[in-house]
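A.B. asks: The structure that follows is given in the form of structure tokens.
Read the figures in this text as sums done on the coordinates, not as results from a lab. The shown structure was predicted, so the numbers you read here are calculated from the model rather than taken from an experiment. A quick note on method: Cβ atoms are made from the backbone with ideal geometry, for glycine too, and the neighbour counts reach across all protein chains shown.
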Ligand SMILES: C[S@@+](CC[C@H](N)C(=O)[O-])C[C@H]1O[C@@H](n2cnc3c(N)ncnc32)[C@H](O)[C@@H]1O
């Protein structure tokens, strides 16, 4: 869609990484003209492909352009900032909740990752409209990002809101939150980092509670070792609205990296 390299690539970690189980499903939703324009204008500055080929320096990423594709005329690099907390959000969808949280907490940088092109355009557009400088958008599989591109102890938090529930038994292996994922995330997450998950799919909530509670690198912030009350900082997301509309109960989980 962006053959001149000014936008997200179709499959950034493509053939140079072994076949892996994907936790996302292909979606063919249309990119609107507004989203396309935002991608063209802002991707070179605030977006990056998750190609698994390089280590990302988070302080640099948030200090200036993310894409590094050459033209820096549209957004001048900001002066170097003190190291700030960076929170990774996996699967931001259309990005409304991400933009909301970034605006509410300008002292935290949000590394927002998804494979969904319309959502990437939408989040970039929202960030520009709201004057947010603390959001960067990664295109590709968060597994590759965690495994290949983030330094140990570089993240102050992890957010996974309404990940694809993969309800059929034969698809359970595609669920994101499982022990192997938690092993991977434990590397970039620093001690004390908060891991915040939410889902409206009860069997997945049970799985999340089970695997997080059973993993030695994480501890439940809740005294009763159960689900957390919904934290005020988490806005309602688009998928949450749909789940609630179907009568689903929403569960939040708040764990801490030991
Ligand atoms: C069900 S949607 C939820 C979106 C949003 N959080 C919300 O609540 O509205 C899950 C999102 O996670 C993304 N996703 C799933 N696995 C991913 C992965 N491994 N890396 C990046 N994004 C992923 C999907 O593309 C999808 O946009």
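A.B. asks: Sort 184, 58 so the one with the fewest other Cβ atoms within 10 Å of its own Cβ comes first. If you can, show how the numbers build up before the last one.
C.D. replies: Working: 184 17, 58 22.
Ranked by crowding around the Cβ, least crowded first: 184, 58.
A.B. asks: Once you've got the GNM for the chain with C-alpha springs shorter than 10 Å, pick whichever of 41, 54, 136 has the biggest mean-square fluctuation.
C.D. replies: 54
A.B. asks: What is the fewest-to-most order of 33, 213, 23 by other Cβ atoms lying within 10 Å of their Cβ?
C.D. replies: Values: 33 9, 213 14, 23 23.
Lowest count first: 33, 213, 23.
A.B. asks: Suppose the Debye formula is applied to equal point scatterers at every Cα of the chain; what is log10 I(q)/I(0) at q = 0.10, 0.14, 0.17 Å⁻¹?
C.D. replies: -0.46, -0.95, -1.45
A.B. asks: Another question, then. Can you give the translational diffusion coefficient of the range 104-214 in µm²/s, computed by Stokes-Einstein from the Kirkwood radius over Cα pairs at 4 °C and 1.567 mPa s? Before the final figure, lay out each step's value.
C.D. replies: On the way: Rh = 15.4 Å.
In µm²/s, the coefficient is 84.
A.B. asks: I'd like the orientation of helix 117-129 relative to the chain: the angle between its Cα long axis and the longest Cα principal axis, in ° from 0 to 90, rounded to 10.
C.D. replies: 70
A.B. asks: Can you sort 43, 166 so the residue with the fewest Cβ neighbours within 10 Å comes first? If you can, show how the numbers build up before the last one.
C.D. replies: On the way: 43 24, 166 17.
So the ranking, lowest neighbour count to highest, is 166, 43.
A.B. asks: What distance in nm separates the two pseudo spin-label positions at residue 190 and residue 40, each 7 Å out from Cα along the beta-carbon direction?
C.D. replies: About 4.0 nm, to one decimal.
A.B. asks: Okay, helix-only estimate at 222 nm for the chain: each DSSP H run of n ≥ 4 adds -39500 (n - 2.57), divide by all residues, round to 500 deg cm²/dmol; what do you get? Present the calculation step by step, with values, prior to reporting the outcome.
C.D. replies: Numbers: 7 runs with 71 residues, N = 258.
Helix-only estimate at 222 nm: -8000 deg cm²/dmol.
A.B. asks: Also, quick follow-up: With the alpha-carbon atoms as the only input, what is the per residue convex hull volume for the range 169-211 in Å³?
C.D. replies: 76
A.B. asks: Let me ask something else. Using square roots of five times the C-alpha gyration tensor eigenvalues, list the equivalent-ellipsoid semi-axes of the range 118-171 in whole Å, biggest first. Walk me through the intermediate numbers first.
C.D. replies: Details: eigenvalues 120, 71, 23 Å².
For the range 118-171, the semi-axes come out at 24, 19, 11 Å.
A.B. asks: Would you kindly state how much longer the chain becomes between residue 54 and residue 180 on full extension, computed as 0.36 nm times their sequence separation minus their alpha carbon distance, in nm to one decimal?
C.D. replies: Working: separation 126, 0.36 × 126 = 45.36 nm, distance 2.20 nm.
Here the segment from residue 54 to residue 180 would lengthen by 43.2 nm.
A.B. asks: Measuring from label point to label point, each 7 Å out along Cα→Cβ, what is the residue 20 to residue 168 span in nm?
C.D. replies: Output for this residue pair reads 2.4 nm.
A.B. asks: For the chain, give me the percentage of DSSP beta bridges that are antiparallel, rounded to the nearest 5 percent.
C.D. replies: Values: 10 of 33 bridges.
Around 30 percent antiparallel, to the nearest 5.
A.B. asks: Can you compute the modelled spin-label distance between residue 11 and residue 107, with each label point 7 Å from Cα toward Cβ, in nm?
C.D. replies: Reported label-point gap for residue 11 and residue 107 is 4.4 nm.
A.B. asks: Hey, how many Å between the Cα centroid of the range 101-132 and the Cα centroid of the range 13-63?
C.D. replies: 13
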